[in-house]
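Report on the following structure.
The values are calculated or read from the model by the stated rules, or taken from the named source; none is laboratory data. As the structure is a prediction and not an experimental result, all values here were calculated from the model. Using ideal geometry, Cβ is built from the backbone for each residue, glycine included, and neighbour counts are taken over all protein chains shown. Ligands, DNA and RNA are stripped out before the accessible areas are found, and what is left, the full protein with its side chains, is counted by its heavy atoms. Shrake-Rupley method; radii C 1.70, N 1.55, O 1.52, S 1.80 Å.
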Amino acid sequence: MKYIISVDAGKSATKALGRKLIDSTDREVFFLTKSYDLADGDIDVEGNSYKVSYQGKNYIIGEQGEHYDTDTTKTSLTHQLAIYTAICKIAGRDTTPYVTLTVGCPTAIFKNVKLKEEFREFIAPETPVEIEVNGTDYKITFERVIIKHEGSGITYLEPAVFRNNRVVVIDIGRRNMNVGVYDNLVPIPSTLFSNNYGGIFLETMVREELSTYFGDDYDLKTAAKAIENGGIIINGKLQEESAVIVCSTINRYIKNNVLTSIKEKNINLSIMPVICVGGTSKIIYDYFKKSVPHVQLPQTDAQWANAKGFQIVGLVKAGVL
């Protein structure tokens, strides 16, 4: 059976949508983009996780995973397995899906023809991909792979915002930050850039500040929760000193890392609409508005903007829309 599928395999979570060509609605798949090599010790699959066998090796993908990929190129085994697993979950009992896939890639790949082709071949080799997910053998045949710029999904999802307008899109995920100016829906190449000032960078800043102030060795998970909650919760109450540290660190991150990076590309946020997408953008949105009052989140969940926008691309290319 033929499928139209989009996958946004982010550093934090994998979001995917897909449908059979003959269907009219998408199925959604969501799981954490983490892996665990079962060669390090056998464990049972629990929670939102999947046991995956690929090229003679066994892994856990999802909630039970322990390895977050830190590579900015998204050509890692973890991301490859995440994409294949998402496709298999959408295909369900159909073990031989034929897929039109739309995925995003960082700017460094998108603007380089050679790297983009290598990225395409990495995801979709000429021969079918054979993989086992939770005990079921799949053979995935890629009929077409469409590669779009990370952050551009929102232009397809909410085209009215971009039509006859110049709009800045800031996509802050867990590892990468991708920025670009879109003129009447078309990306301006000279404005497109990406760096590693994503959520992990912010979590590291918060972790270091909290550890220094309190004289304790906090980990990134504690820092991430502190960012989400506005400080450290102790016995059900917000610790006020930690709240001050988290607030000041987030504001410093926005000013010194996010906004400075954009200014260095001569992008003037004050004269254009600004839309933020990505999971980290959603978390720090209220802080961001202090510096850029007119910044907006998309109408859909910011974390799903790319996957849902890319699915529209795939449907159009397949002649469904």
Residue check: is Tyr54 free of Cβ contacts under 8 Å to residues at least 40 places away in the same chain and surrounded by fewer than 24 Cβ atoms within 10 Å (Cβ to Cβ)?
-> no
Scope region 271-321; condition among the aromatic types (Phe, Trp, Tyr) and either more than 20 Å from Val186 (Cβ to Cβ) or free of Cβ contacts under 8 Å to residues at least 24 places away in the same chain (or both); matching residues | Tyr285, Tyr287, Phe288, Trp304
In region 278-303, the residues that are touching an Asp or Glu at 6+ places or on another chain (Cβ under 8 Å), open to solvent by less than 30 Å² (accessible area, probe 1.4 Å) and over 18 Å from Cys247 (Cβ atoms) | Gly278, Pro298
Condition set open to solvent by 60 Å² or more (accessible area, probe 1.4 Å) and not in a strand (DSSP E or B), scope region 173-196, selection farthest from Arg252 (Cα to Cα): answer is Asn184
Right, Glu240: without any contact (Cβ under 8 Å) to a residue 12 or more places away in the chain and touching a Gly at 6+ places or on another chain (Cβ under 9 Å) or not?
-> yes
How many residues are of a type in the set (S, T, N, Q), assigned to a strand (DSSP E or B) and open to solvent by 10 Å² or more (accessible area, probe 1.4 Å) if we restrict to region 12-38?
-> 1
Checked against (1) loosely packed, with under 15 Cβ neighbours inside 10 Å; (2) at pLDDT 95 or above, Pro125 satisfies every condition except (2)
Ile170 vs. criteria surrounded by 14 or more Cβ atoms within 10 Å (Cβ to Cβ), hydrophobic (A, V, I, L, M, F, W, C) and touching a Phe, Trp or Tyr at 6+ places or on another chain (Cβ under 8 Å) = no
